[in-house]
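The values are calculated or read from the model by the stated rules, or taken from the named source; none is laboratory data. Being a predicted model, the structure only gives us computed values, none of them experimental. Please note: Cβ atoms are built from the backbone with ideal geometry, for glycine as well, and neighbour counts cover all protein chains shown.
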Amino acid sequence: MNTNTMPKEDKGLKNRHVQLIAIGGTIGTGLFMGAGNSIHFAGPGILLVYAIIGAMMFVMMRAMGEMLYQDPSQPTFIAYMTKYLGNRVGFFARWSYWLTTIFFGMAELTAIGKYVQFWFPSMPEWLIQLIFLAALTGVNLIAVSLFGEMEFWFSMIKIIAILALIATGLIMAFGHFQTPVGTVSFGNIFHDFSLIPNGWGNFINSFQMVMFAFVGMEFIGMTVAETKNPRQILPKAVNQIPFRVLFFYLGALFVIMTIYPWKQIPAHQSPFVMVFELVGLKGAAAIINFVVLTAAASSFNSILFSTGRNFYSLAKESRAKFLQPFAKLSKRGLPAKALLFSSLISVGSAVISSIPAISDAFVFVTSAATDLFLMIYIMILWAYWHYRKSSDYMPDGFLVKAPKLLVPLAALFFVFVYVTLFFNDSSRIPAIGATIWLVVFGFISSFQPKEAVVKD
């Protein structure tokens, strides 16, 4: 069976890169732009929703981390699905994950185009997207270390924005700052407190909204594989997840509801913009637009990194001759051809942006791709369960705590979230699309050989 080792590959990420990428990787536009909508939907209960999903994602990450710790030579975590679940499941997972990340990359490029138009409204979206695509592809082609450096600073910008929000909110609360909507106080959260103010239906529907904010957390596994000491760095990166969730997500949401009574927070306006405008910061909208632009650019930068390595693995494990050129590394030890091909596919974003008539179809595809992440997470836990029963099991490794309880619980939770998608108007059609993909491509995958191709 092919182990997907990557000889001579550039291992240019340092500990500081991985640690900050791990923090910034879980912070995206979902928090900066979507927090108001989440709070409007679930009220103070949104804190509980973030905590629950954060805990389940932590279990999934620990399961993935245990396998990575045992064999850090694998280029992507998808390889473990082939190894422990068989080539047919691995084939489904490999192509599904690659296509999913491609669609997400296109979505982030679209977001970049819209954010840049804030300053240059007459500049065509497709042109903005091509410029950013070319620039970030170049970054990924030069060296892993340059990718790490750029992600380091992208993450730093997002973290500073959240720290600034939390610090501002605390100063306003302790100083009893007066705003047009009242006094800033912790009592704004607990006054007329209701954990589920809008009913169980809205509370449960908020799970799928918050779930999207955590998508991409598994990317930490790929960054760790690009370091020289993965077994030393991996536990630190994964174990920081609960702290990141508690401090950055819950901390930011708690402060927002301290400044604004949660019942008065608009659904479709960024709370970050509102907070900074309240303290008299001129140009708050422009500043937050810059932050969300870097968040989108950071996400797309990471996606390029991921899709290139995933396509390299697909080519390595494929018998198709036309894929073999993509199974080679460049002189710099990078999967350059695989990365360029993934980048070329992403040009589809610029094409879609220039054809308004199919914009709804694009939203459908990207939303359905998000749903596929839930399938990937379930397969990670499934692969982990088989790993525990295999001869590879490392009893003195980076072990999941109480796996017999927590791993099945996390898998059932992801299934539960997926089922809830069918009961929400905005996510029902994408959920149906993702299910069709599962059935159709799952059927196609069943015709693959049981064992993966072995290559020297």
Of the residues Ile189, Ile171, Ile162, which is more than 27 Å from Gly54 (Cα to Cα), outside any strand (DSSP E or B) and among the β-branched types (Val, Ile, Thr)? Ile171
Those residues of the range 337-361 which are more than 18 Å from the chain's Cα centre (by Cα), buried (at least 19 other Cβ atoms within 10 Å of the Cβ) and either at pLDDT below 85 or not in a helix (DSSP H, G or I) (or both), in sequence order: Ser349, Ala350, Ile352, Ser353
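Looking only at the range 100-125, count how many residues are touching a residue at least 60 places away in the same chain (Cβ under 8 Å) and surrounded by fewer than 19 Cβ atoms within 10 Å (Cβ to Cβ).
Residues of the range 100-125 touching a residue at least 60 places away in the same chain (Cβ under 8 Å): 100-113, 115-116, 118-119, 124-125.
Pick out the ones that are also surrounded by fewer than 19 Cβ atoms within 10 Å (Cβ to Cβ) and you get 118-119, 124.
Residues flagged as touching a residue at least 60 places away in the same chain (Cβ under 8 Å) and surrounded by fewer than 19 Cβ atoms within 10 Å (Cβ to Cβ) within the range 100-125 amount to 3.
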Within the set of pairs 6 or more residues apart or between chains, which connect a residue that is within 21 Å of Phe248 (Cα to Cα) inside the range 164-187 to a residue that is loosely packed, with under 14 Cβ neighbours inside 10 Å with Cβ atoms less than 6 Å apart? none
Exclusive hit being buried (at least 18 other Cβ atoms within 10 Å of the Cβ), at pLDDT 80 or above, aliphatic (A, V, I, L, M) and within 15 Å of Gly43 (Cα to Cα), set Ile189, Ile196: Ile189
For the range 436-447, give me each residue that is in a helix (DSSP H, G or I) and in contact (Cβ under 8 Å) with a residue 12 or more places away in the chain. Trp437, Leu438, Phe441, Gly442, Ser445
In this structure, does Thr223 turn out to be in contact with a His (Cβ under 9 Å, 6 or more places away or on another chain) and either assigned to a helix (DSSP H, G or I) or modelled with pLDDT of 75 or more (or both)? yes
Take the conditions part of a helix (DSSP H, G or I) and touching a residue at least 40 places away in the same chain (Cβ under 8 Å) and apply them to Ser318. Does it pass? no
Spot the failing condition for Val279; the list is (1) over 19 Å from Lys158 (Cα atoms); (2) surrounded by fewer than 16 Cβ atoms within 10 Å (Cβ to Cβ); (3) modelled with pLDDT of 80 or more; (4) of a type outside the set (Asp, Glu), and only one is missed. (3)
Please tell me if Phe276 is without any contact (Cβ under 8 Å) to a residue 12 or more places away in the chain and either β-branched (Val, Ile, Thr) or in a helix (DSSP H, G or I) (or both). no
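In the list Ala55, Ala93, which residue meets the criterion of being under 24 Å from Ser343 (Cα atoms), modelled with pLDDT of 90 or more and either touching a Phe, Trp or Tyr at 6+ places or on another chain (Cβ under 6 Å) or not polar (S, T, N, Q) (or both)? Walk me through it before giving the result.
On the way: Ala55 fails: under 24 Å from Ser343 (Cα atoms).
Of the residues listed, the single one that is under 24 Å from Ser343 (Cα atoms), modelled with pLDDT of 90 or more and either touching a Phe, Trp or Tyr at 6+ places or on another chain (Cβ under 6 Å) or not polar (S, T, N, Q) (or both) is Ala93.
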Out of Val255, Val238, Val273, I need the residue that is under 18 Å from Lys158 (Cα atoms) and surrounded by 22 or more Cβ atoms within 10 Å (Cβ to Cβ). Which one? Val255
Any idea how many residues of the range 145-187 are in contact with a strand residue (DSSP E or B) (Cβ under 6 Å, 6 or more places away or on another chain) and closer than 30 Å to Lys337 by Cα? 1
